[in-house]
Amino acid sequence: MIDIRPLTEREDLNTVVRLQRQIWGFQDVDLIPLRLFVVASKIGGQVYGAFDGPQMVGFCMAIPGLKAGGKTYLHSHMLGVLPDYRNSGVGRTLKLTQREDALGRGISLIEWTFDPLEIKNAFFNMERLGAIVRRYVPNQYGTTSSPLHGGLPTDRCIAEWWIASPRVNAIIAGQPFERNPVEARVAIPSDIAAIRAKDFGCARDIQQKASEQFRGAFDRGLAVIAFEKSEQAGTYLLGKWESV
C-alpha cells in the first residue's frame, strides 16, 4: 500500500533531490536544490512523498503564488514517480492529496506546466483530474539536460485545476460531465516519443505546428476542455470553458 505524507525532514528532502536524477535523468545544473524544497515546506507550499514501505517512490512539490488582484493559488512545480510505479495511481494520489490540503486552506486553484507533446500526461491532466488549459508558453525553461526532452525547446501548456468546480468534482468522482461543444482540435501523433528520440527535425515541426494551433485557439478565447486518445494520435479538444 502506498503511503502519502508531507516531507519536512532533511533526509527525505535529500531523497527527493536524488529522485530527480532517476526520474528525469537531469544533470546537476537542472536539479531543483534541497534549499527550495525546504523553503516550499515552510512558506505555505506543499512537499509530499509517496512511500512503498520505507522506499520513496514519488513526490510532488508546490509553491504559493499570487495573481493580480491578490488571488492566492498554488503552483505545482514538480511531480515525479519512479518508472516501476507509473500507471499505478501514485501520481493521481499525490495530486488528490494536494487538492485536499488546498481545499482545507481555502485555496481554489492549483496550476502547473506540462509538455503538450507528452500525451499521456495530457490525458491524465484533463480526463483524470479535470484541468483545463488557456495558456501556452514557448520554451518556458530553456533547453534542459533531460534526455526525455530530446533537446527540444521546453514549450509548455499551463494547466489550471479549479479544484472546487463542478467539473473537477464530477471528473474525480467518475461521474459524467456535460462540456461545451468542441470548436477546435490539436492532434499529436501517438508515436511522438519515438519521433522525438530519432528525428529532431520532425519532432520540432510537430511542436511548432501545435504551438501555432494552440495560440491561435487561445487568442479566440477557447480552452482545452477534454482530451481523446486513439491509435494514431492524442487530440486536445478545445471549446468555451465552463467558468467556475
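Read-outs: derived from the displayed coordinates by stated rules, not from any lab. Owing to the predicted nature of the structure, the values given are computational and were not obtained by experimental measurement. No Cβ is skipped: glycine too gets one built from the backbone with ideal geometry, and neighbour counts run over all protein chains shown.
Key figures
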quantity: Protection proxy ranking, peptides 201-208, 74-81, average beta carbon neighbours within 10 Å, highest first; calculated: 74-81, 201-208
quantity: Rg/Rh for the stretch 2-178, where both radii come from Cα atoms and Rh is the Kirkwood radius; calculated: 0.94
quantity: Long-range tail of P(r) for the stretch 109-239 (Cα pairs > 21 Å, %); calculated: 38
quantity: Overall dimensions of the stretch 67-145 as given by Cα atoms, namely Rg and Dmax in Å; calculated: 13.9, 43
quantity: Point-charge dipole on Cβ atoms (K/R +1, D/E -1) for the chain, about Cα centre, debye to 20; calculated: 480
quantity: Mean Kyte hydropathy of -1.0 or more with a Cα span along the axis of at least 27 Å, helices from DSSP in the chain; calculated: 200-219
quantity: Packing rank of 62-69, 190-197, 222-229, where each peptide gets the mean count of other beta carbons within 10 Å, highest leading; calculated: 222-229, 190-197, 62-69
quantity: Two-decimal ratio, the stretch 1-94, of alpha-carbon radius of gyration to 2.2 N^0.38 Å; calculated: 1.09
quantity: Net charge contributed by nearby residues that have their C-beta within less than 12 Å of Ile110 (K/R +1, D/E -1); calculated: -1
quantity: Furthest towards positive pole of dipole, Thr97, Gly70, Met126, structure part the stretch 61-144, Cβ charges; calculated: Gly70
